[in-house]
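Quick notes on the structure that follows.
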Amino acid sequence: MNIQEEIQSAIQRAVTELYQQTVTEVPLQPTKKEFEGTYTFVTFPLTKALRQAPAQIGQAIGTWLVDHTTVVSGFNVVQGFLNISVADAAWLDVLRDMAGNPAFGTLSQPDGASVMVEFSSPNTNKPLHLGHLRNNFLGDSVSRILAANGYRVTKTCIVNDRGVHICKSMLAYRMFGTDASGQPETPASSGMKGDHLIGKYYVLFDKAYKAQVEEMVAAGTPKEEAEKTAPLMQEVQQMLRLWEQGDPETVALWRQLNSWVYTGFDETYRNIGVSFDKTYYESNTYLLGKEIVEEGLAKGVFYRKDDSSVWIDLTDEGLDQKLVLRSDGTSVYMTQDLGTTDMKYTDFGTDRQIWVVGNEQDYHFKVLFAILRRLGRPYANGLYHLSYGMVDLPTGKMKSREGTVVDGDDLIAETTEAAATAADEAAKGKLDEFSDTEKADLFRMLGLGALKYYLLKVDPQKRMQFNPAESVDLHGNTGPYIQYVHARIRSVLRKAASEGISVNLADLTVEAAGQLDPIEQQLIFLLSQYPQRVQEAGTDYAPSYIAQYAYELAKTFNQFYDKLSILKESDTTKLKNRLILSALLAETICKAMGLLGIEVPEKM
C-alpha cells in the first residue's frame with residue numbers, strides 16, 4: 001500500500017464530488033511537528049476555482065476523507081493547511097507490505113539504463129590520503145545507490161602513473177634510495193607499504209629541490225627562473241623525455257616503483273571495501289586523443305595557430321579558448337581525456353559517464369563536455385562531473401609534497417583505535433564476552449563506519465573539515481551511533497527469540513482502534529520513505545541523503561525505545577507488532593548503511 005498515493009487519489013475524488021471540479025495535481029508534504037497529522041494538503045491554490053475560503057475547503061475535504069476512506073482516521077485544519085492523520089490499520093498494512101517484500105527499496109530502470117562511475121584517480125607518487133578517501137567513498141556509495149535504482153553500474157579508475165610528478169619520486173629514489181651498505185631500499189627492507197615508501201621519496205625530492213631554488217635565489221637568480229632551471233628540475237624533465245623515448249633503464253625503474261605502489265593501493269582498497277570493474281592507466285591513454293584532434297580540425301571544431309598548436313574557441317559558451325595540442329605535437333590533459341572518454345564508451349557503451357573529481361577541476365570538465373558535444377559524440381549529453389569540496393584538517397590544508405597529508409591507512413588505523421576506545425568506554429565491560437578476533441572485527445567496522453559516514457553525511461559540494469574525535473562519538477550524528485542502534489535492535493530480537501517469542505508477519509494485527517502510538521506511526525512512515533529517499537539520492541548523486549535518512553531512523557528508534565516497552569509489553573498484539581517493526585527497522589538501517597559502504601554489527 002502507498003498511503004500517500006491513496007490519499008492523493010481520495011482528495012481528487014473529494015474535490016470532484018464536493019465541488020464538481022477536477023484537480024490534476026495534489027501535492028502532499030509532511031505535517032509540521034507542532035501539529036497532529038502525517039501529511040498536509042495546502043488548500044490555498046483551490047480558493048479561486050472552488051470559491052470558498054481555504055479553511056472551509058480543508059474542513060469539507062477532511063470530513064469527506066474520514067467518511068469515505070479507510071486510510072484517513074482524522075484531520076485538523078489550520079487556516080489553509082489540511083493536516084491528515086492516517087488510520088492504524090493503514091499503517092499496519094504498509095508495515096506488512098514492507099516486511100513481506102524482500103526487494104523493498106530496490107528500484108528498477110525498465111530501459112536497462114547503464115552508467116559508469118569513475119573515481120579514485122590516484123597518482124603513483126604517493127599513498128591514498130584523506131582527500132582520496134572522500135573521493136573513493138563518494139564514488140563507491142554513488143555506485144551502490146545507482147545500482148539500487150536499477151542501473152547497470154560499471155566502476156572504473158584511471159591511475160595517473162606518468163608525468164613530471166612521477167619522475168620526481170623516481171629521481172629521488174635513484175638519488176637517495178640506498179642504505180648504508182649500498183643496497184636499494186624496498187618495501188620489504190624498509191617495513192613500509194610500497195605506496196608509503198614512494199611517497200617518502202616524493203617528499204625528499206621536494207625538500208632537495210626547494211633547497212636548490214633557495215640557493216639560486218640567494219645567489220641572485222629570480223625565483224621564477226630558479227624554479228624552472230634548478231638542476232633537479234632539469235633532471236626530472238630529462239627523465240620524462242627518456243621515459244617517453246622508451247629508455248630501458250628509466251622504464252624499468254618506473255615499472256618497479258609503480259608495482260610497489262599498486263600493491264600498496266590494492267591493500268588499502270581491500271581495507272576500505274572498494275573495488276573497480278576496470279582500471280585505466282594514463283601511460284596507456286595519454287596519446288589517445290591525437291586522432292580526435294585531427295578529426296576536430298577536419299570538422300572545423302578546432303583551429304590551428306601559426307605556431308602549429310591546436311585550439312578550440314568556446315567563448316560563445318561563456319568559457320575560453322582552450323589548447324588541445326601543443327605546438328610540438330605533444331598532448332595536454334585535455335587531449336588525453338578526449339581519447340580516454342572515447343575509449344571508455346567503446347569498452348562499455350554506457351548511457352551515462354560520471355567523474356568523481358574535486359571541484360578544482362570544474363572548469364576542465366565544462367570544457368571537456370563542451371568539446372565532446374561539438375564533436376557530435378553520441379554519449380555527450382550523458383556526461384556529468386560529480387564535483388566535491390576539499391577536506392581540510394584542523395591544522396589547515398594538506399600538501400602532499402610537503403608531507404603534511406594524512407595518509408589514508410594511518411587515518412583508518414587512528415579512527416579504528418579511537419572507535420575502540422569509545423566503544424570500550426560505552427560498553428562498560430560488556431565487550432569482555434567478545435573474543436579478540438570479534439573485538440578486532442567490531443573495532444574495524446566502527447572505525448571505517450565512523451570515517452565513511454563522516455565524509456559522506458556532508459553535501460559533496462561543500463568543503464569540509466575532518467574531526468577524528470567527533471566522527472567516533474556514539475551519541476551524535478555519526479556512523480557508530482547508527483551502528484550501535486542496529487546492534488541494540490538485534491539484541492532485542494535475540495532476547496525475544498530466547499524467550500520463545502517469534503517475529504512472524506502473520507501476527508501483525510490491530511485488535512482495537514488506537515493500537516499504535518504516534519512514535520510507532522512515525523517509524524512506519526519513515527520506513528515507507530526508503531524507496532523515495534533512494535530514488536532522490538540516485539537522481540542527485542547524493543549519499544548525504546541516505547546518511548541523513550539512516551540517522552533519522554536510528555534517532556527515531558531510540559525515541560521509540562525510550563518511550564515504549566517492547567519485551568515487557570503485556571499486550572501480545574502490541575508486543576509482536578513492535579518486534580516486527582523493530583526487525584524491519586534493523587533491516588532498513590542495514591540496507592541504508594550498505595548504500596554508504598558501511599557494515600553494521602549484530603552486537604556491541
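The values are calculated or read from the model by the stated rules, or taken from the named source; none is laboratory data. No experiment lies behind these values; they were computed from the predicted model shown. All Cβ positions, even for glycine, are placed from backbone atoms using ideal geometry, and neighbour counts span all protein chains on display.
Summary table
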{"item": "Residue selected from the range 559-604 under the condition in a helix (DSSP H, G or I) and touching a Phe, Trp or Tyr at 6+ places or on another chain (Cβ under 7 Å), by the criterion nearest to Gly150 (Cα to Cα)", "result": "Ala592"}
{"item": "From Leu553, Leu564, Leu579, residue being surrounded by fewer than 19 Cβ atoms within 10 Å (Cβ to Cβ), among the hydrophobic types (A, V, I, L, M, F, W, C) and more than 30 Å from Leu383 (Cβ to Cβ)", "result": "Leu564"}
{"item": "The range 463-479 - residue that is at pLDDT below 95 and outside any loop (DSSP other than H, G, I, E, B) and, of those, farthest from the chain's Cα centre (by Cα)", "result": "Ala469"}
{"item": "Tabulated pairs, the range 553-567, first over 14 Å from Leu516 (Cα atoms) and touching a residue at least 12 places away in the same chain (Cβ under 8 Å), second in a helix (DSSP H, G or I) and of a type in the set (S, T, N, Q), C-beta under 7 angstrom, 6+ apart or interchain", "result": "Leu553/Thr588; Thr556/Gln522"}
{"item": "The range 178-211 - residue that is assigned to a helix (DSSP H, G or I) and basic (Lys, Arg) and, of those, surrounded by the most Cβ atoms within 10 Å (Cβ to Cβ)", "result": "Lys200"}
{"item": "Some residue of the range 91-105 being modelled with pLDDT of 95 or more, not assigned by TED's automatic domain parsing to the domain that holds Glu520 and not small (Gly, Ala, Ser)", "result": "no"}
{"item": "Residues of the range 408-441 satisfying the condition of being exposed (fewer than 14 other Cβ atoms within 10 Å of the Cβ) and polar (S, T, N, Q)", "result": "Thr421, Ser435, Thr437"}
{"item": "Cβ pairs under 8 Å, 6+ apart, first in the range 527-544 and among the acidic types (Asp, Glu), second modelled with pLDDT of 95 or more and part of a helix (DSSP H, G or I)", "result": "Glu536/Tyr545"}
{"item": "Selected residue [of a type outside the set (Ser, Thr, Tyr) and under 15 Å from Ser544 (Cβ atoms)] from Leu442, Leu493, Leu456, Leu474", "result": "Leu456"}
{"item": "Lone unmet requirement of (1) without any contact (Cβ under 8 Å) to a residue 60 or more places away in the chain; (2) closer than 17 Å to Asp93 by Cβ; (3) not in a helix (DSSP H, G or I) for Leu516", "result": "(1)"}
{"item": "Matching residues in the range 212-227 - criterion: being exposed (fewer than 12 other Cβ atoms within 10 Å of the Cβ) and part of a helix (DSSP H, G or I)", "result": "Ala218, Lys223, Glu224"}
{"item": "Only one of Ala103, Ala55 that is surrounded by fewer than 20 Cβ atoms within 10 Å (Cβ to Cβ), assigned to a loop (DSSP other than H, G, I, E, B) and of a type in the set (A, V, I, L, M)", "result": "Ala103"}
{"item": "Selection from the range 139-166 of residues that are closer than 30 Å to Ser331 by Cα and assigned to a helix (DSSP H, G or I)", "result": "Gly139, Val164, His165, Ile166"}
{"item": "Condition met for Leu297 (modelled with pLDDT of 95 or more and either in a strand (DSSP E or B) or surrounded by fewer than 20 Cβ atoms within 10 Å (Cβ to Cβ) (or both))", "result": "yes"}
{"item": "Residues of the range 1-37 satisfying the condition of being of a type in the set (Phe, Trp, Tyr) and either exposed (fewer than 11 other Cβ atoms within 10 Å of the Cβ) or part of a loop (DSSP other than H, G, I, E, B) (or both)", "result": "Phe35"}
{"item": "Criterion (modelled with pLDDT under 95, under 27 Å from Ser169 (Cα atoms) and over 24 Å from the mean Cα position of the chain (by Cα)) met by exactly one of Gly408, Gly396, Gly403", "result": "Gly403"}
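Per-residue answers, yes or no, for (1) buried (at least 21 other Cβ atoms within 10 Å of the Cβ); (2) in a strand (DSSP E or B); (3) in contact with a Gly (Cβ under 7 Å, 6 or more places away or on another chain); (4) of a type in the set (Asp, Glu):
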{"residue": "Asp111", "(1), (2), (3), (4)": "no, no, no, yes"}
{"residue": "Val117", "(1), (2), (3), (4)": "yes, yes, yes, no"}
{"residue": "His132", "(1), (2), (3), (4)": "yes, no, yes, no"}
{"residue": "Arg174", "(1), (2), (3), (4)": "no, no, no, no"}
